[in-house]
Amino acid sequence: MPDVQSTVVEFVNKLRKRKIEGSQATAKCTVELLRSVISHQRVPHANQAAALIDAVKAVGEQLVAANPVELAVGNVVRRVLHIIREEDLSLTTAAMGGLDLLDASDDDDVDNCKGIGYPAMSAAVVAAAARSTLRPPSLQTLLEGTPESATVPYTSSSGADSESKSKSADKSSLTRKLKHDVIEGVNQLIHEIAGCHEQIAEQAIEHIHQNEVILTLGSSRTVLEFMCAAKEKKRSFRVFVAEGAPRYQGHLLAKELVARGLQTTVITDSAVFAMISRVNMVIIGAHAVMANGGVIGPVGVNMAALAAQKHAVPFVVLAGSHKLCPLYPHNPEVLLNELRSPSELLDFGEFSDCLDFGAGSGSIQVVNPTFDYVPPNLVSLFITDTGGHNPSYMYRLIADYYSADDLVM
Amino acid sequence: MDTRRGALAVPKVRRVGFFTSIEPPPESSQRPNRSQSGPVEATTSSSPLSNSPSGNLISPVLIPPSRHHSDNLTTRVAAAAPVPVPGPAAFRRYLAQDRSLLHVGSYNPPDSLLGTSTPSSNGEFSEDSASLFGFQRSDSTKLSASFPNGGFDLTLAVRAPQESETKIATASASEGKKKIAKVSGKSESVTTKPQKEKEQKALKDKTTKAERRAIQEAQRAAKAAAKGEGSRRADESGRANPGKATKKPQPKKERLPVTSSVSEKTAVAVEKEKRMDVPQTLMQYDDRSRVDKAKRRAVVEQTESKNKVELFLHLPQYERGNQLPNLSSNFFTLDSIHHAVYKVGLQHLAGDISGDNARCIAMLQAFQEAIEDYITPPMKDLTMDLTTKINGYVSFLIECRPLSMSMGNAIRFLKNQIRKLPVNLSESEAKISLCSDIGRFIDEKIILADKAIVQHAVTKIRDGEVLLTYGFSCVVEMILLYAHEIGKKFRVVIVDSRPNLEGQKLLRRLVTRGLDCTYTHINAISYIMREATRVFLGASSIFSNGTLYARVGTACIAMVANAFSVPVIVCCEAYKFHERVLLDSICSNELGDPDAVANIPSFRTNAKHSKTINNNKNLQFLNLMYDSTPSEYISMIVSDYGMIPPTSIPVIVREYRREHLLL
């Protein structure tokens, strides 16, 4: 598939050069690319899930390496992997159900095989396996500990050697079905990413009241849609937008808000603390949400969050599910940040006259980070497309979306 | 002197704000002004309690009435003959003894004098300030205040057709009512012959001026119409011309009761005239009537911005850019403002001088110059007249740019010095003493204080530290440079913010002196704060509840530093401490040019606002100048009194004020 390979390379280059910005756009591009990868992937007769997973992982690694701070890429890759595993699992369980009925005689064989391969199979392992597939651990699976449940890890996580041996005959019918199902699932994901704005915006009316004063930072489409949804429901409120120097994303957002008829006031970033005492709610769009409930957002967000906490103003984060990142942050301000060009702060050559580059002369460093990290204790509420959540609940939400096997790619 | 103090005790407590001159006449004259907005206070002002001191205090002002060398000087001398008029120095001594005498004996002659002399001066004035609408207005209010004193009933018929009169009437329309309230119940006094004569005389020489004025009005109206901007003003000036016919009934109605009580009226009028010059810092701009009145007095022609931020309606929000050419073109025509003060005002307006210390020094030096050139008008008291003059300057400066708290403190100091001039000092001695006082203030309170602060603060800098500072503060710059000079090894992080980008100035200065600097914007503060070991901040003022009032963004820095457990050191001269209290940044602030926020660097073209968007009613730009930092974020304040916690501010303020009075 040379064409797929070339699109991958093209996308990687775009990511490297930061041509694609914004987590939603990136996520959309990534998932579309992965879909084409999957559809072009020639599936071997046996062990097709593993083949798909390998292909997706290989591409995903390239993408993540291209822009490691754009966490949405990794999230989407994990989501796709999760979809593949899920589909595979559901097909296998269906097949197993059929097998149990059809090949009752084979049962011993399978049992033996299992006894040899997994001598230490226990309830704990079953539970862990169940968790790894992210099926809610049902009471039945916990209690039964029967071969049926034991096959789950057996088939899904560790290749399917014995499976292929025993069930190769039935595979042919399933071959096309898996790929089809996966692509179906990926399409659903695309749909979900595209529609997360509406899902989130639907909840706006529950959170914005009449005459509210809202402060926001950065330029987020989710925030824009959220406010407009409230506006359409005849709520009248005013919005303060911090301009977000040096990228001036706030001006972009303000322009859009005004175009939609909202009362908008652009303030300087330095006036955030001064104004926050008159603000009822801070709403920001996240760049990424970490597993501990911390938020990576546009630069300056931490300052606003601290000010909001000082004045007991609710700090609300809007995040589509593709922004949920299964990683726990360590020093995210530095490790998950990106320093942009100094020319945004100081014009090139502006200060060259006062630097003579000799010994004993002064030096200038210019720091221009892109993102800011807000620890979970400063966040009041997350609004995702599945509803509102506490920061402490985020890890569970993430467990719904990702398979534990993929957390480390 | 003591009795004066006593009289003022109540209002002094009430007006804690900074410009309160502790001097009685403006203080007591404050009352009529307030009474305008509310009827309740009108009654209090006319109550005997408030009346008697004001009458007492005002009578001395009435006696030497001519600030203006007018044609009727001879008559004035004749008329004033019965009144004992000693030199200004001796005059104050007289006050205590002769107060009653003055009050009773010298009613009418000075009254009538005032009535005539002021209009003539007004005429002079309008000649000069051709395009300065605001100023004429200010004078006309003054005029109206002093005009209607002497027997209006007699001259009414004669004067009615005359333009100038109608104009005066319109100007005084709002004031008349209050005067009536004040005046009612006073004994009627008969208008004397000299009065009548003088009225007519005044009218005579006014006709020519009135004509000139009519022409000006017409021009102005045309200009206003062309601009199409100030709808209110345009129709106001438009009305002034046909005003002859339309406006007459109203003034007449008001003037009728004025016929009684000549002397009281003049007293009030003079009070008003004085009070007009008392700057009102705490003016709330959402109070329509007062804003309109202030506008009429204003020297600086300001256009209110169309798209105001609702939360800040109480602050002046003017369109920028049109005042400066206007003002500078009038440089040679404004004789009531000393040229040095005028220059400083222009510099403030244009932003050529920024920074609290620089502004304060410039202002004080201008005052110094103005005092040197000051000549006490004959028959006037230096203390009173100079204070009035200074008040006028101050209100001019306020129009140019709202004063900072520290400037308020300096002005108060100056007024204090003027008031406490020994009575036996001659004029030149008094001037010399005042000038040296001002010089001493600049030296001790600002320059030496900065040196002391540097000495203190340097002890807090150790080798290997990373010092974070915000914006541009000249004290912090001095500290950093001095620490570098004495060989401390440290790095500086300069945090800057739009739209002023003052940090770049500091960056340039520090780098040229060989310091290692890191430069960033305020948004990145949480990124950079982990590197910092100390935060040094400048201040505009520190209030007695420990709140730091400084360049907007300071609060953010202090807050983040607090969150990262980095000590915050505020460097502030003690003369900036203020006994006001402040809780938030909304109630008291200054708004900068909103266009500065709207204009963003050219490389971000996609974020730029087109003109049509800019005029959208829904979009506003807010350019706050200051914010207030709660005291819990401040670890230490370095002042010329040493290193103190923010809780010690009220103590220092109290002690300082005591010393201030002694100075």
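Some observations on this one:
- As a rough guide to protection, the peptides B:431-440, A:271-280 ranked by mean Cβ packing within 10 Å, highest first, stand as A:271-280, B:431-440.
- For the stretch B:628-638, the Karplus equation 6.51 cos²θ - 1.76 cosθ + 1.60, evaluated at θ = phi - 60°, returns couplings of 10, 9, x, 5, 5, 8, 9, 7, 7, 10, 9 Hz by residue, with Gly and Pro reported as x.
- Amide H to amide H distances under 5 Å link residue B:624 with A:268, B:592, where only residues 5 or more positions off or on other chains count and H is placed in the peptide plane.
- Cβ crowding within 10 Å averaged over residues, with B:522-532, B:355-365 ranked highest first: B:522-532, B:355-365
- Peptide A:295-305 - average C-beta neighbours from other chains (10 Å radius): 4
- Taking every residue in B:550-556 and counting other chain Cβ atoms within 10 Å of its Cβ, the average works out to 6.
- Neighbour counts of C-beta atoms inside 10 Å place A:255, B:488 in the sequence B:488, A:255, starting with the fewest.
- Legend: mean number of C-beta atoms from other chains within 10 angstrom of residue C-beta atoms, peptide A:344-355, equals 4.
- Charge tally for residue B:445 (other residues, Cβ to Cβ under 10 Å; Lys, Arg +1; Asp, Glu -1): -3.
- The stretch between residue A:259 and residue A:334 holds 23.4 nm of extra length on full extension. This uses 0.36 nm per residue minus the Cα-Cα distance.
- Once the C-beta distance of residue A:180 and residue A:408 is scaled by a Förster radius of 25 Å, the resulting FRET efficiency is 0.30 to the nearest 0.05.
- Exposure proxy ranking, count of Cβ atoms within 10 Å, fewest first, for A:290, B:478: B:478, A:290
- Taking the average, over residues, of other Cβ atoms within 10 Å as the packing measure, peptides A:318-324, A:77-83 rank A:318-324, A:77-83 from highest down.
- Shown is the FRET efficiency for residue A:377 and residue B:632, computed with R0 = 30 Å from the Cβ-Cβ distance and rounded to the nearest 0.05: 0.95.
- Rg of the Cα atoms in the stretch A:174-267, relative to 2.2 N^0.38 Å, amounts to 1.44.
- The calculated FRET efficiency for the pair residue B:501 and residue A:21, based on their C-beta separation and a Förster distance of 25 Å, comes to about 0.50.
- Ranking of B:389, A:28, A:19, B:576 by neighbouring Cβ atoms within 10 Å, starting from the fewest: A:19, A:28, B:389, B:576.
- Once backbone amide H atoms are built at 1.01 Å from N, residue B:465 has B:491 as its partners under 5 Å, excluding neighbours fewer than 5 places away on the same chain.
- Listed values for the stretch B:469-480 are Karplus-derived 3J(HN,Hα) couplings in whole Hz (6.51 cos²θ - 1.76 cosθ + 1.60, θ = phi - 60°), namely 9, 10, x, 10, 10, 5, 5, 5, 4, 4, 4, 5, and x replaces Gly and Pro.
- Antiparallel DSSP beta bridges within the stretch A:218-327, percent to nearest 5: 15
- Long-range HN-HN contacts of residue B:519 with modeled amide H, under 5 Å: A:365, A:366, A:367, B:494
- Of the GluC sites (Glu not before Pro) found in the stretch A:302-409, those that fall in a DSSP loop while having at most 15 other beta-carbon atoms within 10 Å are A:338, A:350.
- Once the Kirkwood radius over Cα pairs is known for the stretch B:513-591, the Stokes-Einstein relation at 10 °C and 1.306 mPa s delivers a diffusion coefficient of 114 µm²/s.
- Stokes-Einstein D for the stretch B:406-502, Kirkwood Rh over Cα pairs, 20 °C, 1.002 mPa s (µm²/s): 131
Where a number appears in this text, it was derived from the coordinates with a stated rule and is not lab data. In this text the structure is predicted, and so the values were computed from the model without any measurement. Using ideal geometry, Cβ is built from the backbone for each residue, glycine included, and neighbour counts are taken over all protein chains shown.
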